[in-house]
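In what follows, a single structure is set out as structure tokens and then discussed.
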Amino acid sequence: MKPVLLLIPGLLNTPAVFDRLRAQLDPAIDLRIATVHTQASLGAMAADAWAQLADVPARQPVVIGGFSMGGYVAWHMLADAPRPVQGLALINTSARADTPEGLANREKAIAAMASDFGKFVDGLCRFALTPAGHADAALLAEVKAVMHSVGPAAATAQTRALMQRPDRRPWLPTLQLACQVVGGADDAITLPAWSQEMAELIPGAHLTLLPGMGHMLPLERPAALAESLHALLQRVQLETSTPPAA
């Protein structure tokens with residue numbers, strides 16, 4: 001039976017962050033996309049994401065893909081899962097909690113959002129996109145439009161939620177599912193070393209680090225991301241359709 005794919009957006013993202021990726025995915029995939037800019041906690045985001053899967057039969061495999069903050073939501077979903085999950089895609093994300101320095105930087109980000117949200121978005125894009133991404137006027141406008149549509153109040157709530165997340169690394173070796181970790185080799189927001197760390201901790205995880213790529217994989221390199229997701233879905237379908245050895 002074909003898996004259902006649930007994608008979870010990141011910080012300052014609406015489901016529109018996956019528009020370019022959706023165009024690259026096999027249209028036969030049962031694709032669901034969570035909304036994570038209307039809640040005030042990772043728990044509430046996870047509950048709403050699970051609601052997207054409420055109609056999926058227990059026998060049908062489920063694959064969850066979390067982009068950036070969406071990865072932290074995925075951890076929350078798996079930690080209190082009402083049903084088995086057979087596959088996990090971790091896209092430009094981490095299993096770490098914020099460091100004291102990270103928490104201080106998030107407080108500065110919240111202050112910057114309140115002061116001049118447009119200026120904050122411009123600054124964030126400088127870190128999130130590659131030079132080629134900045135040179136692509138249509139792509140840059142699309143990224144900024146997604147971020148501006150979230151707005152400062154929701155972005156602040158998302159940031160506060162992220163500051164409460166625990167360190168998931170001690171738990172990762174216990175995971176028993178197909179996992180694909182995808183990151184940008186030049187990601188300055190979620191470092192490639194963090195992707196490698198997750199891939200090493202999760203049994204059987206596959207790692208893809210895209211050269212010359214930064215943080216906004218779903219919009220800057222949707223074809224490459226779609227290829228990784230197709231591989232994961234095929235792996236899950238094969239593993240769930242193969243009877244156990246006698």
Legend entry - Where Ile8, Ile189 fall by accessible area, highest first, once all protein chains stay in place (1.4 Å): Ile189, Ile8
Inset, instruction - Run the dipole for region 50-168 about the Cα centre, Lys and Arg Cβ at +1, Asp and Glu Cβ at -1, nothing else charged, and hand back the magnitude in debye, nearest 20. - result: 180
Inset, instruction - Kindly report the accessible area of region 100-246 per residue (heavy atoms of protein chains, probe 1.4 Å, no ligands, DNA or RNA), in Å². - result: 49
Legend entry - For Lys108, solvent-accessible area (1.4 Å; no DNA, RNA or ligand), Å²: 140
Inset, instruction - Jot down the per residue volume, in cubic angstrom and as a whole number, of the convex hull over the alpha-carbon atoms of the chain. - result: 116
Legend entry - Assigned charges on the beta-carbon of Lys, Arg, Asp, Glu; the chain dipole about Cα centre (debye): 280
Inset, instruction - First select every other residue whose beta carbon is under 14 angstrom from the beta carbon of Gln234; then total the charges, Lys and Arg +1, Asp and Glu -1. - result: -1
Inset, instruction - Enumerate the calculated ³J(HN,Hα) couplings along region 89-100 in order (Karplus 6.51 cos²θ - 1.76 cosθ + 1.60, θ = phi - 60°), each rounded to whole Hz, writing x wherever the residue is Gly or Pro. - result: 10, 10, 10, 6, 9, 8, 10, 8, 7, 5, 7, x
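Roughly how many percent of the accessible protein surface of region 149-246 is carbon and sulfur, given a 1.4 Å probe and a whole-percent answer?
Carbon and sulfur: 58 percent of the exposed surface of region 149-246.
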Legend entry - Mean Cβ count within 10 Å, highest first, over the residues of peptides 96-106, 124-134: 124-134, 96-106
Legend entry - Built amide H within the under 5 Å cut-off of Leu11, gap 5+: Met69, Gly70
Inset, instruction - Please report the base-10 log of the normalised intensity I(q)/I(0) for region 106-207, using a Debye sum with one equal scatterer per alpha carbon and no solvent, at each q in 0.10, 0.19, 0.22, 0.23 (1/Å). - result: -0.39, -1.06, -1.14, -1.16
Inset, instruction - With springs connecting C-alpha atoms under 10 Å apart, model the chain as a Gaussian network and identify which of Leu175, Leu207, Leu229 has the largest mean-square fluctuation. - result: Leu175
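The values are calculated or read from the model by the stated rules, or taken from the named source; none is laboratory data. Here the structure is a predicted model, which is why all the values come from computation and not from measurement. Every residue, glycine as well, gets a Cβ built from its backbone with ideal geometry; the counts of neighbours run over all protein chains shown. Note: accessible area is taken over every heavy atom of the protein model, side chains too, but ligands, DNA and RNA are not part of it. Shrake-Rupley method; radii C 1.70, N 1.55, O 1.52, S 1.80 Å.
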